[in-house]
Amino acid sequence: MKSVCALMMAAACIGGCKKGGSAGNTAAAKDVMVAFTKPGADHAALSAALRPKAEDYAAVFVGDAATKMKAGLEPLWDGGKLTLKPSAEQTEIAIAGAPQPELAKGDGNAVNCPGGYKGIAASIQPSVVVHCVRFVKPGQKGGLHVDGLVYVNDHWALFPKPWRFLKQ
């Protein structure tokens with residue numbers, strides 16, 4: 001029952017983010033991530049709700065980069081290795097939405113994302129905004145870092161650490 005409730009909560013949150021969830025809407029991204037900080041959250045179910053659909057890869061990545069990303073991420077999703085698990089104390093969320101041009105230059109909001117994006121930004125569609133997230137304990141700076149949250153095809157999807165699959 002806990003899993004069903006978590007899935008319903010994730011679907012409601014993700015569906016509710018549709019209305020105001022334009023690609024660059026950091027507030028909508030935060031709404032999605034807040035579900036992970038709730039007591040008793042089913043992290044596996046919430047993470048699974050962020051799994052990209054087959055058509056999402058081409059909407060986010062250019063050319064054969066989409067194929068490489070799908071080939072690299074799908075086994076990780078299948079194996080349950082992409083479950084976001086902030087600790088119970090990591091209740092504060094910091095999010096930066098970096099458009100592809102900022103990722104390419106490493107400036108603007110991209111300074112809050114891993115540096116690996118700079119080397120592979122040309123493989124990301126020009127209209128895409130990548131959200132980088134930090135779950136932290138109140139008053140602290142370090143915590144769980146998550147990158148690759150993208151609003152695509154009217155839903156949120158997670159494409160973490162794309163440079164691992166797109167090294168040029």
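Nothing in this text is a laboratory measurement; each read-out follows from the coordinates by a stated rule. Being a predicted model, the structure only gives us computed values, none of them experimental. Note that each Cβ is placed from the backbone with ideal geometry, even for glycine, and that neighbours are counted across all protein chains shown.
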Packing-based ranking, highest mean first, of 76-86, 150-160 given that Cβ atoms within 10 Å are counted: 150-160, 76-86
Ranked by GNM mean-square fluctuation in the chain (Cα springs under 10 Å), the top entry among Gly97, Gly148, Gly119 is Gly119
What percent does the relative contact order of the stretch 2-164 come to when contacts are Cα pairs within less than 8 Å and at least six residues apart? 25 percent
Only Lys, Arg (+1) and Asp, Glu (-1) charged, at Cβ; the chain dipole about Cα centre in debye: 280 debye
Heads up, the chain by the C-alpha gyration tensor (a ≥ b ≥ c square roots of eigenvalues; a/c under 1.5 rounded, else a/b over b/c prolate, else oblate) looks prolate
Cut-off under 14 Å on the C-alpha distance; same-chain residues fewer than 8 positions from Lys68 excluded. Which aspartates and glutamates are left, in chain and number order? Glu55, Asp56
Please tell me which of these pairs span more than 27 angstrom C-alpha to C-alpha: Lys70/Lys137; Lys38/Lys81; Lys141/Lys167? Lys70/Lys137; Lys141/Lys167
Per DSSP H run of n ≥ 4, the term is -39500 (n - 2.57); total these for the chain, divide by its residue number, and report the mean residue ellipticity at 222 nm rounded to 500 deg cm²/dmol. -11000 deg cm²/dmol
